[in-house]
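Readers should treat all values here as calculations from the given coordinates under stated rules, not as data from a laboratory. Fair warning: this is a prediction, and the values are worked out from it, not measured in the lab. Ideal geometry is used to build each Cβ from the backbone, glycine not excepted, and the neighbour counts take in all protein chains shown.
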Amino acid sequence: MIMLAAALAAIAAWLAVRGPMRPPHALAQARRLLSALQRRMLSRRRRARMRAALRESLAEVVADVRAGQPPERALTRALADRDGALAPRTLAAARWGGDVVGALRDDARVAAQPLLASAAACWSVAATQGAGLAEALDRLVAQDRRAEEVRRQLEAHLAAPRATARMLALLPVFGLVLGIAVGGDPIGWLLGTPLGVACLVLGLLLIALGLLWATRIAARTERLL
């Protein structure tokens, strides 16, 4: 899907320098939709990698606390091992004696990581009521691992609908190839006439909307977990 979006974006960029024949507002909208699709996909993958790294960091905290390390020191070591990029506010608070709970919540909001918000709740309960922090975080990590397994199964079930959406998005390309095979010049018409440019831009818009729609349906399903 990224390759398709990149190809469509390249066509839109080529049209952008063609001159007055293009409908500028529609073309700009097509480029924005394609860029939004790429950003959404990259952001989703980045959040998944970050969530996995956070889960492993919390598992390290559990192991260190059970080994007798103070919670702040264990948290500092776990986050510092990953250059502090996962939760910079939390790392600073744990290292310098700040409000760890507030920092966890701030990082959860900024990074859109519910796992950090749950860790903040565990930390708050352990600090105010003396409950076992290691046990709470251990249950949180185990629960998130089970949820990750469910997400992987869901990804497998969503693979077929996503493949169908990609195939449908590629059908216009096969139409162009078929038109060339029977002796026509569909590319010349699309790029060389005002009506053709308008049809191309409209096609780009519809393809981008279709891909965004399919992506949003899949993302909404994943959020139900």
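Some points to look at:
- Per-region count, segment 116-145, residues more than 16 Å from Ala59 (Cβ to Cβ) and assigned to a helix (DSSP H, G or I): 9
- Scanning segment 180-225 for residues that are more than 30 Å from Leu154 (Cβ to Cβ), small (Gly, Ala, Ser) and exposed (fewer than 15 other Cβ atoms within 10 Å of the Cβ) yields a total of 5.
- Contact map, segment 149-163: first residue closer than 20 Å to Ala52 by Cβ, second residue not polar (S, T, N, Q), Cβ cut-off under 7 Å, separation 6 or more or different chains; pairs are Val150/Leu225; Arg151/Glu222; Arg151/Leu225; Leu154/Glu222; Leu158/Ala218.
- Counting only residues that are touching a residue at least 60 places away in the same chain (Cβ under 8 Å) and surrounded by fewer than 18 Cβ atoms within 10 Å (Cβ to Cβ), segment 60-81 holds 1 of them.
- Of all residues making up segment 156-189, the number that are of a type in the set (D, E, K, R) and within 17 Å of Leu200 (Cα to Cα): 1
- Applying the condition of being over 17 Å from Ala208 (Cα atoms) and surrounded by 13 or more Cβ atoms within 10 Å (Cβ to Cβ) to segment 168-179 and asking which residue is nearest to the chain's Cα centre (by Cα) yields Leu176.
- Of all the numbered requirements in (1) surrounded by 12 or more Cβ atoms within 10 Å (Cβ to Cβ); (2) small (Gly, Ala, Ser); (3) part of a helix (DSSP H, G or I), Ala163 misses one, and that requirement is (1).
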